[in-house]
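Please read the structure below before turning to the comments.
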Amino acid sequence: ILYGKNELFKKMMGDSEENIYSLLEFAEKYGIKGNLVKAKIAWLIMKDENPFSLSVERNDSSGSAEEFARKDLAELCHKFFIEPQEEILENYTPTKQQISGEEKRIGGLIERFVKALDMTPNEEEFFNEVKAFYVTYGVGEFGLNKAFYMLDDGSLMPVSHIKNVSFDDIYGYDSQKEKLIRNTCSFVEGGGANNVLLYGDSGTGKSTSIKAVLNMFYDQGIRMVQIQKHQFVHLSLLTEQLKKRNYRFVLYMDDLSFEDFEVEYKYLKAAIEGGLEE
């Protein structure tokens, strides 16, 4: 009813070679080992944005949607514990032994979720484990990914490679780092926080500081969207996509220089100063 709208759920349960190939593609992308059918079911549950999963992410009451979700997840629980007809799909070893970037992190998250679901003794516990995942990580692309690029049509694309840096990798600048960390802590905790302008010579750690903020606060709900100045016209569209999700979003703008003929700053000014919409 809720999860069944996703055609992938229906297709992957078939026995066709095309469906098996899609499982192999999935395993190679994320470096998945073990039972690929279980991993794919877990991954689809992690990604499926529906009234139930979104309400759990926001810590809202699920209402009647929860009863529909129970029925869906009971069926998925049954399918999760069915042994795949192809034995190789039960004990798969990926060709790529070294997966880098965000795919490796997401693959690890998928495998941990599979292990958690594997330990559930019944449909009720399976349902509770899914709900616990949504509470902890959220759902969909925002739940799985740390950061996004904004495309020119206003849509978002996950960043697949994020350098694993921390504030310890930046030598000196202790007072600046402390201010940035303190400001972000307040933002994460729902307190007051300022917009931040980082400036300085090339190589002094501005971009590294941005990545360090993302890596440090991702587990606390920080997500980041990189937006270019010619895309400022889409700021209201971006706000519409983000405002109903239970995360703390940082909009990262890498270049704030403007020529005399460029007027995109007006959209940024309007967004900062505020309009009718909260």
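Numbers for the structure displayed
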| read-out | value |
| --- | --- |
| Looking only at segment 59-87, and only at residues there that are modelled with pLDDT of 90 or more and basic (K, R), the one that is nearest to the chain's Cα centre (by Cα) | R70 |
| Selection from segment 95-115 of residues that are open to solvent by less than 30 Å² (accessible area, probe 1.4 Å) and at pLDDT 90 or above | I106, G107, G108, L109, I110, F113, V114 |
| Filter result for M150 (among the aliphatic types (A, V, I, L, M) and open to solvent by 50 Å² or more (accessible area, probe 1.4 Å)) | no |
| T204 being of a type in the set (V, I, T), farther than 25 Å from F142 by Cβ and modelled with pLDDT under 90 | yes |
| Members of segment 29-47 that are farther than 25 Å from N128 by Cα, part of a helix (DSSP H, G or I) and open to solvent by less than 30 Å² (accessible area, probe 1.4 Å) | Y30 |
| Qualifying residue in segment 119-131 (condition: in a helix (DSSP H, G or I), among the β-branched types (V, I, T) and either open to solvent by 50 Å² or more (accessible area, probe 1.4 Å) or in contact (Cβ under 8 Å) with a residue 40 or more places away in the chain (or both)) | yes |
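Matching residues to (1) assigned to a helix (DSSP H, G or I); (2) surrounded by fewer than 19 Cβ atoms within 10 Å (Cβ to Cβ):
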| position | (1), (2) |
| --- | --- |
| D201 | no, yes |
| T208 | yes, yes |
| A212 | yes, no |
| D219 | yes, yes |
| M224 | no, no |
| H230 | yes, yes |
| V233 | yes, yes |
| S236 | yes, yes |
| L251 | no, yes |
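The values are calculated or read from the model by the stated rules, or taken from the named source; none is laboratory data. Because the structure is a prediction, the values reported are computed rather than measured. Because the Cβ atoms are built from the backbone with ideal geometry, glycine has one as well, and the counts that use them run over all protein chains shown. These accessible areas exclude ligands, DNA and RNA; they are computed on the full protein's heavy atoms, side chains included. Shrake-Rupley method; radii C 1.70, N 1.55, O 1.52, S 1.80 Å.
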